[in-house]
């Protein structure tokens, strides 16, 4: 008899992480949009990146719950289906005004994810207890990640702003449709950054010594690391102060979480050897 | 510790779930018919997206996926997961097809160009997989699922090592990979073509563009990202249907494909409807 590969004992319950991740992500997106429009700046665009980090943390815990059952196709496939269904929900949400869009995204992603989950669990007969719920959750996660990255890149998540540019501060782009977030296919970069970031934490941490806090720290690290290229891409769309703030926050967050992750890895490791580069023997 | 049986993925079908899925597809098609004025561009595009999704879901079943056991020479196939292989073949096909679409070569030439792009990628991959297995790792090609190769008629059992499920990349798996790549590329390009036509038609008014051609980058990029998204959804659903490794069309797991087709129908109908709604709403 085959048994579940991983045990789900200890750590924060998944429901708590789900609610916290969803709320944190939505709050960050709204905060970024509201502060930007109230203060009339773009400096708060980095909140989009933080929303993506929250979504990645939630998504990595969902993937852990699903992939514990041994789906047979590898963990990365969940990351791919997450963004594949999330991008559809994200782009329909961009049609709505900024205060409805995140809610529309969640509702659309829940519908699409539930259909995909039903297909995977009942039509394809995977018969995994958490399958339907996990597919629904990863669709929402994928959509929130894309919305966060879109907000961080352009300071907005409305379809009109994402498909037509204002000229950037360094004059890198000619204004128009071709240089926009969608027109220049920066959405494809955001897509694959999110897909890799959400599947990597569990893929890297799975095994008998899996610890939830270590995986979540790696998820946050992946999120901040993905924020860095997004911050660099925002050079084309945002004002100089906004870009600088974004880069500083991503770099600081990444350095902190990476450091913490190394500490947690040392804590969980049986032995830690600080290996030095192999010295070439002299005289040959 | 929770003890749960691993999903085995039997051959049977769930009649209730299948019926519900078909009803869902019909409901979505009916909604598109009513909302967008009958047999018009949008309805045709939705049908093309669904057809493309089904081609992808079917095509993935041909691809010989070995996974980690293949990397250790204990199972036949290409040593990576279904999602990666399907994405590679599909995206290569999509690039080829998109190039043909944007050169105005017409529907048939475009989607066949996409199919050939996917088939070419799988052929090159399979060729180098065979070279690495044979000359790099010293593994002969032998199927573990059939006694004789269904195409060449070569006997397999003598070359199979004991305790393995076969190894290397048998000829039938090679051919299966090329067919799978062709179908995947065909489906991906069909989705791209259908969505591009909708966006080219609807986006200029939506974005209030000065001239219709100005929104072409946005239309291409939107159609491309949706094609990638719908491709990945269908490929991963088909991969779940295979659960792990397969040898290609001569593998017993191939007979499961009707389930993946039903799943692809409903999943691409839902995703395609929303994707079209982005511009047509």
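The values are calculated or read from the model by the stated rules, or taken from the named source; none is laboratory data. Computed from a predicted model, the values in this text were never measured in an experiment. All Cβ positions, glycine included, derive from the backbone under ideal geometry; neighbour counts span all protein chains shown.
Among the residues of the range A:117-131, is there at least one that is within 21 Å of the chain's Cα centre (by Cα), in a helix (DSSP H, G or I) and modelled with pLDDT under 90?
no
Check residue A:70 against each of (1) touching a residue at least 40 places away in the same chain (Cβ under 8 Å); (2) at the interface with chain B (Cβ under 9 Å from one of its Cβ atoms); (3) in contact with a helix residue (DSSP H, G or I) (Cβ under 9 Å, 6 or more places away or on another chain) and name the one condition it does not meet.
If we test residue A:70 against (1) touching a residue at least 40 places away in the same chain (Cβ under 8 Å); (2) at the interface with chain B (Cβ under 9 Å from one of its Cβ atoms); (3) in contact with a helix residue (DSSP H, G or I) (Cβ under 9 Å, 6 or more places away or on another chain), just (3) comes out false.
Quick one: would you say residue B:243 is surrounded by fewer than 24 Cβ atoms within 10 Å (Cβ to Cβ), more than 14 Å from chain A (Cβ to nearest Cβ) and more than 30 Å from residue A:177 (Cα to Cα)?
no
For the range B:200-218, state whether one or more residues are within 11 Å of chain A (Cβ to nearest Cβ) and under 25 Å from residue A:195 (Cα atoms).
yes
State yes or no: is residue A:80 assigned to a helix (DSSP H, G or I), facing another protein chain (nearest Cβ under 7 Å) and within 28 Å of residue A:214 (Cβ to Cβ)?
Answer is yes for this residue.
Pick from the range B:246-268 the residues that are over 21 Å from residue A:127 (Cα atoms) and surrounded by 24 or more Cβ atoms within 10 Å (Cβ to Cβ): which of them is nearest to the chain's Cα centre (by Cα)?
Of everything passing the filter in the range B:246-268, B:268 is nearest to the chain's Cα centre (by Cα).
List pairs: first in the range A:84-104 and more than 8 Å from chain B (Cβ to nearest Cβ), second outside any loop (DSSP other than H, G, I, E, B) and surrounded by fewer than 18 Cβ atoms within 10 Å (Cβ to Cβ), Cβ under 7 Å, 6+ apart or cross-chain?
A:102/A:30
Look through B:58, B:62, B:95, B:43 and report the one residue that is more than 10 Å from chain A (Cβ to nearest Cβ), at pLDDT 85 or above, under 22 Å from residue B:230 (Cβ atoms) and assigned to a loop (DSSP other than H, G, I, E, B).
Just a single option satisfies the conditions, and that option is B:62.
Quick one: which of B:174, B:249, B:254, B:182 is assigned to a loop (DSSP other than H, G, I, E, B) and either more than 14 Å from chain A (Cβ to nearest Cβ) or touching a strand residue (DSSP E or B) at 6+ places or on another chain (Cβ under 6 Å) (or both)?
B:249
Within the range A:226-236, does at least one residue satisfy the condition of being loosely packed, with under 14 Cβ neighbours inside 10 Å and either touching a residue at least 12 places away in the same chain (Cβ under 8 Å) or in a helix (DSSP H, G or I) (or both)?
no
Being free of Cβ contacts under 8 Å to residues at least 40 places away in the same chain, assigned to a helix (DSSP H, G or I) and surrounded by fewer than 24 Cβ atoms within 10 Å (Cβ to Cβ): is that true of residue A:109 here?
no
Of the residues in the range A:157-203, how many are surrounded by fewer than 22 Cβ atoms within 10 Å (Cβ to Cβ), modelled with pLDDT of 85 or more and touching a strand residue (DSSP E or B) at 6+ places or on another chain (Cβ under 8 Å)?
0
Looking at (1) crowded, with 23+ Cβ neighbours inside 10 Å; (2) assigned to a loop (DSSP other than H, G, I, E, B), which is the one condition that is false for residue B:190?
So residue B:190 meets the others, but not (2).
Consider residue A:29 carefully, then state whether it is under 30 Å from residue A:242 (Cα atoms) and either at pLDDT 95 or above or surrounded by 13 or more Cβ atoms within 10 Å (Cβ to Cβ) (or both).
yes
Could you check residue B:185 against (1) buried (at least 24 other Cβ atoms within 10 Å of the Cβ); (2) more than 15 Å from residue B:85 (Cα to Cα) and say which number it fails?
(2)
In the set B:86, B:70, B:75, which member is in a helix (DSSP H, G or I), closer than 30 Å to residue B:160 by Cα, in contact with a strand residue (DSSP E or B) (Cβ under 8 Å, 6 or more places away or on another chain) and within 14 Å of another protein chain (Cβ to nearest Cβ)?
Selected residue: B:70, the only one of B:86, B:70, B:75 that is in a helix (DSSP H, G or I), closer than 30 Å to residue B:160 by Cα, in contact with a strand residue (DSSP E or B) (Cβ under 8 Å, 6 or more places away or on another chain) and within 14 Å of another protein chain (Cβ to nearest Cβ).
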